[in-house]
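Novice: If you scroll down you'll find the structure; I have some questions about it.
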Amino acid sequence: MDNLPSASATDSRNPQETLQTIDDWQVLSPIAILYFTASVFKHMFGNLIYLIPALAVSYKSVLEHPFIWLPSILVAFALLTLFAFVSFKVYRYRLTADNIEIRSGIFSKKYLNLPFSRVQNVKIEQPLYYRLTGHACLQLDTAGSAKNEAKLVAIKLEFAQQLKTRIQSQVQNNTIETNQENDCANGKEQPGQSADSAVTKETLLNTRKLSDLVIHGITSNRIWILLGGLAPFYDNIFDSVGEWLNSLGIDFTELFSLQTHSLLEVGLFALSLTMLVMLVLVSFSVVGAIVGFYGYTLSKLDDKYIRRSGLFTKHEVSMGLSRLQMIVQKQDWLDVLLKRINLQFEQNNSFGKNQSLSATSSKIIVPSIKPHECQALIDDAYPDNSLNTLVCNDGFEPISKRFILRNILLVLMPLWLIATSITLLNDRLMIAALVSILFVGLCGLVVLRWKRWGIARDQNFIYLRKGLIGVDYYCFPTYKLQQTQFKQNLLMKKRQLATVKFVLASGSLKVPMITEKLAYKLIDEGLYKVESCQQSWM
Amino acid sequence: MLAPNFSNPTMPIEQLPSILTLDKQSLSEQYAPLNRLINLGFTLLVCMFGMTLYFQPFIDLPKGLLNSLPFFIWAAAILGFLFTWLSYARDLVRSYALRELDLHYTSGLFFRTVVSQPITRIQHIELKRGPIERKVGLATLQVFSAGGEMHTFQIPGLPVDTAQQLRQFILQHKDVIKHG
């Protein structure tokens, strides 16, 4: 830790010489108290979700005793504020030439020392309440677990930007050095690029207009998740809505009664009501998309992708091209109709595990772009990929038709037989017919699923197509493979079929029921690629 | 523009080393019998527990439970034996293979699986030994890649010496040293 002078001396070639190293432990700006309070609250409300059922049951009796709950809430509030204040007081950070140290924690003290060269991913986050004072959070992810991340909680935005460029230039120098050592067969990075890396400007690759975000909100119906969460309260909600409407002079039972209105009228009422509810739900989703992705820009600096977005809290995620593990092109059924694509650049999955498609996740999402924009972005990341030609010429190899047979015969058929025999024995003809219709529908979906499956490969990449009604395309460089798995059961062996699983740092991909020969080929080639090309996966 | 020692000759697929022709090494001879013993012992323990519950004079059990207890004991015994037999057969077909640049582990009776782990993608290694494994001199080799915890490559039932040799081989492997 005390090699500061020598370290800063070697740092002299650094482009960011203006950014001086700070030898002493630094205190955050007091605005950080706000951040700590907010995070404590967030944490608490995250846990409060588990308490909601208990509260919902007893809230009437709780409400009857205001002299108990009022002071206790006040005390809790005071404690939280105190906690946030002390958190701020004990937080110290120190920057040396090539690493960062953070001390934090009230009861359990934490000391974190992170060399810049180990940083995987730099994120800048600017919550709403920081925007007035121009502060920001700088989050540094490492390849390790999500717990070991460093977060500089309240620093000036410019300082955060400077720090980011410095850390990233260091990381880049590091990777170039190792790549040169490795003299990889595929080495695309030329050392010359790093020299003028400080000069190159950020180029804007993509922006999202408000209309695009509206489309994204409509197509990504994340609202169903919310609906599922609200399920226990449906009764209460419907009751209170009914009461409210009654007080407005609208009576449901009268509206929908067939005695006072004709069938057509009631049908129209029901239709317009569902439309209204759908409209409300979709608008929620649209609002969610706008909050997450407002002012979306995707730009490129050297070989780094930078995504900025957010209405209230501004997020900035950047990812080096070498960190990119896989490109995913997703199209839901609505996206297919509207000809829009959600593009994802996926990286190491060890951080941000439980954040799926939200704006805060560390993968780079480009929401609802048009096909040609999507193609441009993919070609920018992987110039020699042939996903587009594969898609156009349908160059994907289909999986075995036995996939349909297996799923219908071994999964759906038994269920259907049991269900229909039970219902028929009980003389429930109507239900049996409904079950049969459902069965036929599911069989159709299985066929559709089979039709979507496809795999293709070329010199450097493996491509995968899957989906149900929508279509998703996955494309990853073969050398990024971490592990391969070959799976085969006795029935498949008889038919010379096999399932292959590719394990990547961003997750695993499975291709079911391809021919044994192709499976062996894929694995042998994959292993050869990984082992012969000494390129690092990071 | 080319790096000095760059070469990229075309590689016919037929000449690639195939995982179809792996030189499979079986696990320690003690491993399968030991597992059988443990499974049998556990089954016996469950049955004994049920039996003591049935015959003990101290606590009055509900009538329903008392009547169905023999059935449960029989079921546990039969299932336990079946499971023991199956897992013994499964343990016998487990094998691993070490090539110069990758590790393979084959397993499964009805569902055959071959997991292949290139050594260059290994992040760290763990040698795991429980109390019973320590007693009989066995070890489990765990290999972690960036593929996540779900995809930890592991070879159970290795003789300690073999496991340590394997670990040493991996640690001193040129690929691991380079990317360490």
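Novice: Would you mind calculating the relative contact order of the range B:31-90 from Cα pairs under 8 angstrom and at least 6 residues apart, reporting the percent as a whole number?
Specialist: Relative contact order here is 57 percent.
Novice: Additional query: Which shape class applies to the range A:407-538: rounded if a/c is under 1.5, otherwise prolate when a/b exceeds b/c and oblate if not, where a ≥ b ≥ c are the square roots of the Cα gyration tensor eigenvalues?
Specialist: Cα axes put the range A:407-538 in the prolate bin.
Novice: Quick one: which residues, 5+ away or cross-chain, put their amide H under 5 Å from the amide H of A:I100? H built at 1.01 Å from N.
Specialist: A:L114, A:F116
Novice: While we're looking at this one, here's another question. What is the fewest-to-most order of A:F403, A:F238, B:F72 by other Cβ atoms lying within 10 Å of their Cβ?
Specialist: Arranged by neighbour count, lowest to highest, A:F403, A:F238, B:F72 become A:F238, B:F72, A:F403.
Novice: Kirkwood Rh, Cα Rg: Rg to Rh for the range B:95-179?
Specialist: My calculation puts Rg/Rh at 0.97.
Novice: Something else now. Would you mind computing, in nm to one decimal, how far apart the modelled labels at A:N236 and A:L80 are, each placed 7 Å from Cα along Cα→Cβ?
Specialist: 1.9 nm
Novice: Now for a different question. Would you mind finding the longest exposed-site-free stretch of chain B, with exposed GluC sites (Glu not before Pro) meaning DSSP loop and at most 11 other Cβ atoms within 10 Å?
Specialist: With a cap of 11 other Cβ atoms within 10 Å, the longest stretch comes to B:101-180.
Novice: Taking a 22 Å limit on the Cα-Cα distance, which of the listed pairs A:K304/A:K363; A:K363/A:K521; A:K487/A:K517; A:K42/A:K330; A:K480/B:K174 fall beyond it?
Specialist: The answer is A:K363/A:K521; A:K42/A:K330.
Novice: Separate question: So, how do all the Cα-to-Cα distances of the range B:16-70 break down into 5 Å bins, in percent, from 0 on up?
Specialist: Spelled out per bin, shortest first, that is 4, 14, 14, 12, 9, 9, 8, 7, 6, 5, 5, 4, 3, 1, 0.
Novice: What shape does the range B:61-101 have by the C-alpha gyration tensor, where a ≥ b ≥ c are the square roots of the eigenvalues, rounded means a/c under 1.5, and otherwise prolate means a/b greater than b/c and oblate the rest?
Specialist: Cα axes put the range B:61-101 in the prolate bin.
Novice: While we're looking at this one, here's another question. From the phi angles alone, apply the Karplus equation (6.51, -1.76, 1.60; θ = phi - 60°) to the range B:115-120 and give each ³J(HN,Hα) in whole Hz, x where the residue is Gly or Pro.
Specialist: Computed from phi, the couplings for the range B:115-120 are 9, 10, 10, x, 5, 5 Hz.
Novice: What percent do you get for the relative contact order of chain B when only Cα pairs under 8 Å and 6+ apart count?
Specialist: 18 percent
Novice: Only Cα pairs under 8 Å and at least 6 apart count here; give the relative contact order of the range B:95-179 as a rounded whole percent.
Specialist: 22 percent
Novice: Would you look at the GNM of chain B, springs on alpha carbons closer than 10 Å, and say which of B:P156, B:P17, B:P62 moves the most?
Specialist: Checking each option, the largest mean-square fluctuation is seen for B:P62.
Novice: Moving to a separate point now. Label points 7 Å out from Cα along the Cβ direction at A:S508 and A:L70: separation in nm?
Specialist: For A:S508 paired with A:L70, the spin-label model returns 5.8 nm.
Novice: Using θ = phi - 60° and the Karplus form 6.51 cos²θ - 1.76 cosθ + 1.60, what ³J(HN,Hα) does each residue of the range A:326-342 get, whole Hz, x for Gly and Pro?
Specialist: For the range A:326-342, the Karplus curve yields 7, 9, 10, 10, 10, 9, 7, 5, 5, 5, 4, 5, 8, 6, 10, 9, 9 Hz.
Novice: Compute the projected area of the convex hull of the Cα atoms of chain B, averaged over all viewing directions, and report it in nm² to one decimal place.
Specialist: Spelled out: convex hull of the Cα atoms, projected over all directions, averaged, 15.9 nm².
Novice: Next question, about the same structure. Can you give me the span-like helices of chain B, meaning DSSP H runs with 27 Å or more of Cα extent along the axis and Kyte-Doolittle mean at or above 0.0?
Specialist: Flagged H segments are B:31-55, B:63-93.
Novice: Give me the one-decimal Kirkwood hydrodynamic radius in Å for the range A:402-450, with the sum taken over alpha-carbon pairs.
Specialist: 11.1 Å
Novice: Amide H of A:L468 versus every other amide H placed in the peptide plane: which residues, excluding those fewer than 5 positions away on the same chain, fall under 5 Å?
Specialist: Amide H to amide H, under 5 Å and 5 or more residues apart or across chains, A:L468 pairs with nothing.
Novice: Grab the other residues whose beta carbon is less than 9 angstrom from that of A:L481, score K and R as +1, D and E as -1, and report the net.
Specialist: Once all neighbours under 9 Å are counted, the net charge is +3.
Every number here is computed from the coordinates shown, using simple stated rules; none is lab data. Being a predicted model, the structure only gives us computed values, none of them experimental. Because the Cβ atoms are built from the backbone with ideal geometry, glycine has one as well, and the counts that use them run over all protein chains shown.
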